[in-house]
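Below is one structure, written out as structure tokens; the observations come after it.
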């Protein structure tokens with residue numbers, strides 16, 4: 001306590017003592033000094049009892065220091081600043097699980113379907129000649145009309161496995177649904193030739209890069225039958241739409257070509273596939289064009305090519 005405050009307190013207590021102290025019996029004039037003194041440097045004086053008579057109109061005032069709080073919340077100890085997800089993760093509320101459950105039940109046609117593996121790619125057919133003692137060899141693949149499609153040849157023993165990607169010698173994709181055949185010719189050092197005729201085989205549904213876009217080829221037998229009174233999209237159509245939607249820059253036109261023995265068959269199949277794709281592709285049916293291709297030697301169920309063209 002400062003000296004000034006101590007003097008103020010001393011004076012106030014002296015006044016209080018003068019007011020409450022009784023005068024001596026028979027005293028004339030002013031009584032003895034009844035002031036009280038508080039010694040400096042002491043903790044204070046304890047009064048066991050104080051009686052005030054008359055009006056208690058005295059007041060003691062103390063100066064109060066200004067309260068200044070300098071607190072930076074960002075630097076305050078014990079306060080860690082995290083983002084919203086960190087704060088929510090510390091609680092018992094799980095916001096992700098309900099959203100995942102809801103999105104799993106959403107019937108969105110644009111969701112990717114990575115579980116579909118309808119289309120083969122890369123080496124879609126593999127041949128295993130298993131020949132030894134050979135000077136040179138040649139493997140010829142032929143179409144259903146015995147026309148030469150692709151030739152592989154080399155010197156020495158042929159490799160254990162020869163893979164074919166489904167392309168002709170001119171780089172055109174060969175359509176599934178037809179029956180293909182192959183012949184292996186081998187010459188020994190003496191010039192003797194041996195021929196090995198393989199069994200006929202079909203091409204599986206396959207996909208490939210084509211002209212900066214994508215091509216999906218499959219036989220008409222792979223289309224789904226009608227289920228519950230409506231046409232259910234075939235897995236081949238679902239996977240084609242899913243892969244096209246995920247392709248970077250997939251806003252180009254989509255061409256659907258159906259090859260069949262009659263125009264009515266080819267056109268009706270092409271329209272049905274275009275309708276199914278229109279509800280699955282981003283951008284809707286406006287980007288789809290369908291073409292009916294008529295060939296007398298086409299497979300009975302027809303053959304289909306869905307091509308995503310390069311966006312110009």
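Find all pairs meeting these conditions: Cβ atoms under 7 angstrom apart; at least six residues apart or on different chains; first residue within region 144-160 and outside the structural domain of residue 191 (by TED's automatic domain parsing) and closer than 18 Å to residue 128 by Cα; second residue in a strand (DSSP E or B) and at pLDDT below 95.
Pairs found: none.
Which numbered condition trips up residue 305, out of (1) at pLDDT 95 or above; (2) touching a helix residue (DSSP H, G or I) at 6+ places or on another chain (Cβ under 7 Å)?
All conditions pass for residue 305, except number (2).
Scan region 297-306 and give yes if some residue there is within 20 Å of residue 207 (Cα to Cα) and surrounded by fewer than 17 Cβ atoms within 10 Å (Cβ to Cβ), otherwise no.
yes
Residues of region 255-312 being under 28 Å from the mean Cα position of the chain (by Cα), more than 16 Å from residue 242 (Cα to Cα) and assigned to a helix (DSSP H, G or I), which ones?
If the condition is that a residue be under 28 Å from the mean Cα position of the chain (by Cα), more than 16 Å from residue 242 (Cα to Cα) and assigned to a helix (DSSP H, G or I), then 286 is the only one that fits.
Restricting attention to region 121-144, report how many residues are surrounded by 12 or more Cβ atoms within 10 Å (Cβ to Cβ) and in a loop (DSSP other than H, G, I, E, B). Give the steps one after another, and end with the answer.
As a first pass, look at region 121-144 and keep what is surrounded by 12 or more Cβ atoms within 10 Å (Cβ to Cβ): 121, 123-125, 127, 129, 131, 134-144.
Applying the additional criterion that residues be in a loop (DSSP other than H, G, I, E, B) yields 121, 123-124, 129, 131, 134-135, 143-144.
Summing the residues that are surrounded by 12 or more Cβ atoms within 10 Å (Cβ to Cβ) and in a loop (DSSP other than H, G, I, E, B) in region 121-144 gives 9.
Using the structure shown, decide if residue 217 is buried (at least 19 other Cβ atoms within 10 Å of the Cβ) and under 44 Å from the mean Cα position of the chain (by Cα). Let's see the steps before the verdict.
Numbers: buried (at least 19 other Cβ atoms within 10 Å of the Cβ): yes; under 44 Å from the mean Cα position of the chain (by Cα): yes.
Against the criterion (buried (at least 19 other Cβ atoms within 10 Å of the Cβ) and under 44 Å from the mean Cα position of the chain (by Cα)), residue 217 qualifies.
I'm checking my understanding of the structure. Among residues of region 145-167 that are within 16 Å of residue 209 (Cβ to Cβ) and in a loop (DSSP other than H, G, I, E, B), which one is farthest from the chain's Cα centre (by Cα)? Steps first, please.
So in region 145-167, the residues within 16 Å of residue 209 (Cβ to Cβ) come out as 165-167.
Filter once more, so that each one left must be in a loop (DSSP other than H, G, I, E, B): 165-166.
Working: 165: 32, 166: 33 Å.
My answer is 166.
From the list 176, 225, 159, which residue is at pLDDT 90 or above and within 20 Å of residue 303 (Cα to Cα)? Can you show your working first?
Numbers: 225 fails: at pLDDT 90 or above; 159 fails: within 20 Å of residue 303 (Cα to Cα).
None of the other options fit; the residue is 176.
In this structure, is residue 176 assigned to a loop (DSSP other than H, G, I, E, B) and within 39 Å of the chain's Cα centre (by Cα)? Quick ask: steps written out before the conclusion?
On the way: assigned to a loop (DSSP other than H, G, I, E, B): yes; within 39 Å of the chain's Cα centre (by Cα): yes.
It is true that residue 176 is assigned to a loop (DSSP other than H, G, I, E, B) and within 39 Å of the chain's Cα centre (by Cα).
(1) modelled with pLDDT of 90 or more; (2) assigned to a loop (DSSP other than H, G, I, E, B); (3) not assigned by TED's automatic domain parsing to the domain that holds residue 139: which one isn't true of residue 218, the others all being true?
Checking residue 218 against (1) modelled with pLDDT of 90 or more; (2) assigned to a loop (DSSP other than H, G, I, E, B); (3) not assigned by TED's automatic domain parsing to the domain that holds residue 139, the one that fails is (2).
Taking residue 133 as the residue in question, decide whether it is over 30 Å from residue 243 (Cβ atoms), modelled with pLDDT under 95 and under 48 Å from the mean Cα position of the chain (by Cα). Talk me through it step by step, then tell me what you get.
Values: over 30 Å from residue 243 (Cβ atoms): yes; modelled with pLDDT under 95: yes; under 48 Å from the mean Cα position of the chain (by Cα): no.
No.
The values are calculated or read from the model by the stated rules, or taken from the named source; none is laboratory data. Computed from a predicted structure; not experimentally measured. Quick reminder, even Gly has a Cβ in these numbers, built from the backbone with ideal geometry, and neighbours come from all protein chains shown.
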